[in-house]
Each structure stands twice: as C-alpha cells, then as structure tokens.
Amino acid sequence: MGLNPYLFDIANIRNQCSWVHQKEPEKATEKAKELVKMSVARVRELTPLFMKEIPVNRDVVIMGGGITGLRCGIDLLMRGFKVRIIEKNDAAGGLVHDLSSIYPSFRPGKEVIDELVEEFTKRNGEIITSAELVDVTGYVGNFEVKLNVKGSEREFLVGAIVLATGSQLYNPGERFGYGRFPNVITNMELEKRIRANDIKDVQSVVFVQCVGSRGDDGNPGCSRYCCQAAIKEAIHLREQGIDVTILNRGVRVYSKGAERMYRKARELGVLFLPYEGEPEITGTGRAEQITVPSADLDAEISIPVDLIILSVGMVPAEDSLRLSELFKVPRGPDKFFLERHSKFGPVETTVEGVFLCGCCQFPQDIGDSISQASAVASKVAALLSRDKITLAPITSAVDEVYCRGCGRCAEVCEFHAIEIIEKEKGIYVAQVNEALCKGCGTCVAACPTGAIDLKHFMSEQIKAQLEALFG
Amino acid sequence: MVRSKKTTKPSHKNFEPKIVAFCCNWCSYPAADGAGVSRLQYPTNIRIVRVMCGGRVTPGFVLKAFELGADGVLVATCHFEDCHYMFGARRAADVHKITEKLAEMIGIEKERLKLDWISSAEATKFAKVATEFTEMVRKLGPSPIKKVATNNRNKIREGIE
C-alpha cells in the first residue's frame, strides 16, 4: 500500500521561490529553507486519512415529463439505467404538447411528444403522473424520494436526480387589454387556435413581443423562444393571406435555421416594427387599434387590428421555490435554478448528484433544452456507472466535548452538510455529513469554541507551520 | 515663531518584512504557481500557507501570525462569482472584517492586513499584489507588536527553563 497520501506535503520551492526570485539567489535560499522548515513542521502534525467508499444506487428520477425530461429519460434508458419520471400533471408533455408546430421541422408538438412518450414506455421507463414531491433526503448515489400520488404515498431510492421542471408562461394579467378584449390573446392561446383551425374573419394580426421579458415585468432577461415562435406563427398566418405586424424590441433569431425562417417571413411580407414603451390598445368591446411609439421614427404608429398576440416570456415555475428548498438547489437572481458554474458545470448543481436541464434553469427553446437533456444524461451515466463513489477524506470533524450545539457552523454551511442533533436529552451537538461536506473549512472559522476542525488543514497543523516560520 | 521640529523617522530602507500569505487551494495558490511558471518576479518576503478555502482562515490564524512576528498578513481567495465553494470567498470577506477589528484593538495597523481576490489565471495579479503589499509593509516598518510578543515569548521560555 505504501505511505498514506495524506502524510505527504510539498514545500513549493520551484514555483513559489526559485522561479520567482531568480535575481536574488541568497534571499531565495533563505526563503527555501524556511519553506522546508514549515513543511516539515506541518508533516509532523499530519494524520493518515482514508478514502471512504459509498455504494451507488443505479436508478434515476427525473422531475418533470416535458420534452426535456422525456429526452433525458430516453437517453438514460438507452444506457441501461432504470428511469422514473415524476409529472405533476395527469399526462406527460409539458408546454410542447400544446404547440401547433415546432420550428424548424414544423411538426405538431403533440406528435413529437407522443413519439417520445411511446419510446420512453417501450424502453420500460415509468412515468408517474399526478404526482407531488413530498420530501427528498440523502446524498449523491443514495437519495430517498417520497411522493404523493393521488393521495397515496410512494417511496423509492435513486442515485441521481434530474430537475427538468420547466418554466411557466408569464401571465399578462389585465395589461394590454388582456381579459378585457376577447381578441387579445397570448401566443400559447394562438397555438391552440391554430391547432383547432379557429382563425376566422381576421385580416390584421399584431404581435407584441417582450411581454414579461427583458426588463418588462416577469423575466428580467430575454425569454429566448418568443421571437422565433412569433416568426413561425407569423409565417403560418401570412400564408393564409393575413397581414402580420411584429412589434419588437429587437428581433433575436439565433437558433440553427432560424435566420432562414426570419428571412422567409420578411419575403412573405411580415412587417417588423421596433417599438418603445407600452403599446396602447383601444376599441369598444374588442381591440380595434393598437398605437405604439416607434423606436425609429419620432412618431406614434397606429395599426388597425383584428387580433393581438402577446408573446409572453418565460418565468420560473410556481413551485420552483418549494423545489429549490426540497433539493437544496439555489436559485439565481432571476429565480431560475442556478447551475454549479456557468462554464465549468453548466448542467450540474451545487448539490452533487442533482442535475439541471431545460427551462427550469433559464428560458431556452426546444433545441437547446434537448441538447441539455442529453448532456445531463451523459453526466448522470458517468456518475452512476461507477460501482462505488469515493469520498475525499478532507472533511470537517466535530469534537463533541467542546461543541455546545450553537449551530453557527450549520448556518454558514451552504452545502447543508452540518446538522445539529440532540445527542442525549438536552445535549445538542453538530454532526457533519461526510457525503455532503466539501471540505472548505468555512465552518471552522465560524465556530466560537474551536470544536470543529478541518481534517488535513487542522488548526494545529497550520499553527505548526507558522511557528516553524518564525521559530 | 517657526519651530523647526526634527523628526527622527526610523529608516526602513534595509528592513525586510516577513509576510504570511494564506492562499486558497483553488485560485490564489495556483495563481502563485502560475507566477512561477511565467517567471514573474516579486520580493522574497512572502511565505505562502495553503488552505482549502479563504473562508477557512480564522481571525486566530492571522493574529497568531502577528503574535509570532509577522509584519503583514495577506489572505487571498477566489473571486466571489467563481469561488470553488460558492460562498467561501464571501465568508472570507466577512471574517476578514472581524479580523481587522481585532487587529486594530491590539494595535496593529489595518494596512498590515490585506484581503484580495486572485483567480488561478491571474498570475500577474498575484505578483503585483505580492510586490505592492510587501512595499506597503516595508514602508510601515516592523510590526508594533513584534517586540512585545517576542519579549513575552522569551519570558515564558526563561520561565520554563
């Protein structure tokens, strides 16, 4: 076996001494001697530590049966994992199910969803519908999920959790005459009408973009799907000879193939009109005219309308706060779930074993959500294809003799690795969950009694280094 | 009447301060390594103590360093937004405020304490911070509590012997 790796230390003389003090060899030598002294003093205080192995449950649970969850589920089933999808509604499908068509293929949303559901079930995946999450406990490789399915409880163990809970569409309330005028509808309602072939006696349609997005009420950022969806819908309407105007605050068509779609819309004669401020909608009984301050001209523009479409943004799902508390996954300033790192951990969360994909993280279109779903599937597979998960032994440890159970350590630990337990009647102590502890040692700096210490970077070890330096 | 007052300002020209730098394992320590790889030169006065996270640096560590004879203490962490432990760098900043207050109470100028944020890619910043901080402490002269601390230590030692 050789020497325990935690009995080893490096006096960093090359990078942090000789290379950085090339012109002062005498002083550098003195410094090197001190660095060695410090390192020796540290090593004298070190104790052997051992990696801990924990077993891994190979099952996966996906929260949300929208297109993202289904795709991720199929990818995981193809790799041989057991997958359950938890869907709060009575059927899988999410927002995509209701779309008349999806760009750039222009296939009906329902058809795409049905195909995915069929493949998911064919591969023996289980979709638990009308299910509500009650509780989640445990840690990576060993999560315990508790559900309420139509009034009855259900529990199972999983190794990894995928959050694909999606988002919801912004509710315009009473703005823009919504609810007051029957011919002011949201883009989702338009999709339903297109599906039902229920657009009659309409000569002029006006889309209002960025309703509930980009600094408007709702989502502070761009909702990323609405420009492209509006263009798709506009093409459909224009092809039936209807006049279409898209009031926009800058058209954002960034998806693959979307530029072509945009150009097609322009060729067909769809008008794109940049606007500023709040459009004013007038009419008696129904919206008859929309007036907006133009962004380009020093004038207001009035357009007679038969139908006004509000392209509503995406906002975090209603239950995202509750889910964030249950899974201990933080939310960003925009209230969407926060990834571990925007570049180095884009589909992971700070909770090991809990992953994110689709619109619960930030608004995105179907293509982007699918890419993320597949990315998560490979991340989960990489995690769960191991027999055992090894835990680094650098964790905090509590000396119960000195601990008075005040809970300062638990307060500062955002990994929720510390719990205050009642050891004996009336005696409270902190307890570290080594599977959740990441070994930063922040709790040590918060402890008022010195009861908690970080293994391998213990106070005595660091003190020994300092004493050797000045000794 | 103009009174010429001759001030005998101690000359610190030849004074070589001893500075302890607590560097976090993920950002500032690799930045110091990077400075070496790029052969960036800075004064020899800094001695690096590696910790996993800047948030692990207790006020006790910093004060201990001063007690033992440090002339300056640097705590270097990740930037807030890319802290390896998410909240560690922020905690380090909170703790640093407490440390500053404690240091002030025992007569250590707050300029002798420094908290900085150096990512693993900022080797140049590390060298710059190391240089500027060394020069700052050199200007301040030896730590005011160094003498007291050394005397006390010697007394304790004598007592034992």
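The residue list A:E419, A:E434, A:E414, A:E424 contains one member that is in contact with a Pro (Cβ under 9 Å, 6 or more places away or on another chain) and away from chain B (no Cβ under 14 Å), which is A:E434. Quick check: anything in segment B:32-53 more than 9 Å from chain A (Cβ to nearest Cβ), crowded, with 22+ Cβ neighbours inside 10 Å and either at pLDDT 95 or above or farther than 23 Å from A:A464 by Cα (or both)? No, there is no match, as no residue in segment B:32-53 is more than 9 Å from chain A (Cβ to nearest Cβ), crowded, with 22+ Cβ neighbours inside 10 Å and either at pLDDT 95 or above or farther than 23 Å from A:A464 by Cα (or both). Of all residues in segment A:344-376, those satisfying the criterion of being crowded, with 20+ Cβ neighbours inside 10 Å, within 16 Å of A:P330 (Cβ to Cβ) and not β-branched (V, I, T) are A:G353, A:F355, A:L356, A:C360, A:Q361, A:F362.
Before we move on, is A:E318 outside the structural domain of A:P104 (by TED's automatic domain parsing), among the charged types (D, E, K, R) and under 22 Å from A:A160 (Cβ atoms)? Answer is no for this residue. Once segment B:54-74 is narrowed to residues that are farther than 16 Å from B:R91 by Cα and part of a loop (DSSP other than H, G, I, E, B), the residue that is nearest to the other protein chains (Cβ to nearest Cβ) is B:G69.
Being among the polar types (S, T, N, Q) and in contact (Cβ under 8 Å) with a residue 60 or more places away in the chain is the filter here, so list the residues in segment B:104-159 that pass it. Within segment B:104-159, B:S119, B:S120, B:T124, B:T131, B:T134, B:S143, B:T150 meet the criteria. With respect to the conditions (1) part of a strand (DSSP E or B); (2) within 10 Å of chain A (Cβ to nearest Cβ), B:L115 falls short on a single one, namely (2).
Looking across segment B:75-110 at every residue that is out of contact with any helix residue (DSSP H, G or I) (no Cβ under 7 Å at 6 or more places or on another chain) and part of a helix (DSSP H, G or I), the one that is farthest from A:V412 (Cα to Cα) is identified as B:M105.
Scanning segment B:91-112 for residues that are in contact with a strand residue (DSSP E or B) (Cβ under 7 Å, 6 or more places away or on another chain) and basic (K, R) returns a single hit, B:R112.
Residues are listed down the side, and each one gets a yes or a no for (1) under 19 Å from A:E460 (Cβ atoms); (2) among the basic types (K, R):
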| site | (1), (2) |
| --- | --- |
| A:Q16 | no, no |
| A:W19 | no, no |
| A:K33 | no, yes |
| A:S39 | yes, no |
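Within segment A:285-298, at least one residue is buried (at least 19 other Cβ atoms within 10 Å of the Cβ) and part of a loop (DSSP other than H, G, I, E, B). Note on segment B:87-100: among residues that are under 21 Å from A:E352 (Cα atoms) and surrounded by 21 or more Cβ atoms within 10 Å (Cβ to Cβ), the one that is farthest from the other protein chains (Cβ to nearest Cβ) is B:A89.
Residues are listed down the side, and each one gets a yes or a no for (1) closer than 14 Å to A:S311 by Cβ; (2) under 32 Å from the mean Cα position of the chain (by Cα); (3) at pLDDT below 95:
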| residue | (1), (2), (3) |
| --- | --- |
| A:I242 | no, no, no |
| A:I246 | yes, yes, no |
| A:V253 | yes, yes, yes |
| A:G257 | no, yes, yes |
| A:R263 | no, no, no |
| A:R266 | no, no, no |
| A:G269 | no, no, no |
| A:T284 | no, no, yes |
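For segment A:204-260, residues that are surrounded by fewer than 22 Cβ atoms within 10 Å (Cβ to Cβ), of a type in the set (S, T, Y) and assigned to a loop (DSSP other than H, G, I, E, B) total 2.
In segment A:28-43, which residues are more than 9 Å from chain B (Cβ to nearest Cβ) and among the small types (G, A, S)? Correct list: A:A32, A:S39, A:A41. Can you say whether A:S396 is buried (at least 19 other Cβ atoms within 10 Å of the Cβ), within 14 Å of another protein chain (Cβ to nearest Cβ) and either within 16 Å of the chain's Cα centre (by Cα) or touching a residue at least 12 places away in the same chain (Cβ under 8 Å) (or both), as far as the supplied structure shows? For A:S396, the condition - buried (at least 19 other Cβ atoms within 10 Å of the Cβ), within 14 Å of another protein chain (Cβ to nearest Cβ) and either within 16 Å of the chain's Cα centre (by Cα) or touching a residue at least 12 places away in the same chain (Cβ under 8 Å) (or both) - is met.
For every residue, the table says whether it meets (1) under 30 Å from A:D387 (Cα atoms); (2) in contact with a strand residue (DSSP E or B) (Cβ under 8 Å, 6 or more places away or on another chain); (3) free of Cβ contacts under 8 Å to residues at least 60 places away in the same chain; (4) more than 10 Å from every other protein chain (Cβ to nearest Cβ).
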| residue | (1), (2), (3), (4) |
| --- | --- |
| A:L7 | yes, no, yes, yes |
| A:R14 | no, no, yes, no |
| A:K23 | no, no, yes, no |
| A:E26 | no, no, yes, no |
| A:E45 | no, no, no, yes |
| A:V56 | yes, yes, no, yes |
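A:G173 falls short on exactly one of the conditions (1) under 17 Å from A:L323 (Cα atoms); (2) without any contact (Cβ under 8 Å) to a residue 24 or more places away in the chain, and that condition is (1).
Can you name every residue in segment A:79-119 that is among the small types (G, A, S) and more than 29 Å from A:R260 (Cβ to Cβ)?
Across segment A:79-119, the qualifying residues are A:G80, A:A91, A:A92.
For segment B:54-69, a residue qualifies if it is more than 13 Å from A:E467 (Cα to Cα) and of a type in the set (A, V, I, L, M, F, W, C), and exactly one does: B:V57. So is B:F80 buried (at least 20 other Cβ atoms within 10 Å of the Cβ) and among the aromatic types (F, W, Y) or not? Spelling it out, it is not the case that B:F80 is buried (at least 20 other Cβ atoms within 10 Å of the Cβ) and among the aromatic types (F, W, Y). Yes or no: segment A:350-365 includes at least one residue that is assigned to a helix (DSSP H, G or I), hydrophobic (A, V, I, L, M, F, W, C) and at pLDDT 95 or above. For segment A:350-365, residues assigned to a helix (DSSP H, G or I), hydrophobic (A, V, I, L, M, F, W, C) and at pLDDT 95 or above: present.
From the set of residues in segment B:104-138 that are among the charged types (D, E, K, R) and under 13 Å from B:I19 (Cα atoms), which is surrounded by the most Cβ atoms within 10 Å (Cβ to Cβ)?
For segment B:104-138, the residue satisfying everything is B:R112.
Quick one: would you say B:F87 is aromatic (F, W, Y) and at pLDDT below 95? So B:F87 fits the description; yes.
The values are calculated or read from the model by the stated rules, or taken from the named source; none is laboratory data. Computed from a prediction, not measured in an experiment: that's the story for all the values here. Every residue, glycine among them, receives a Cβ derived from its backbone with ideal geometry; neighbour counts consider all protein chains shown.
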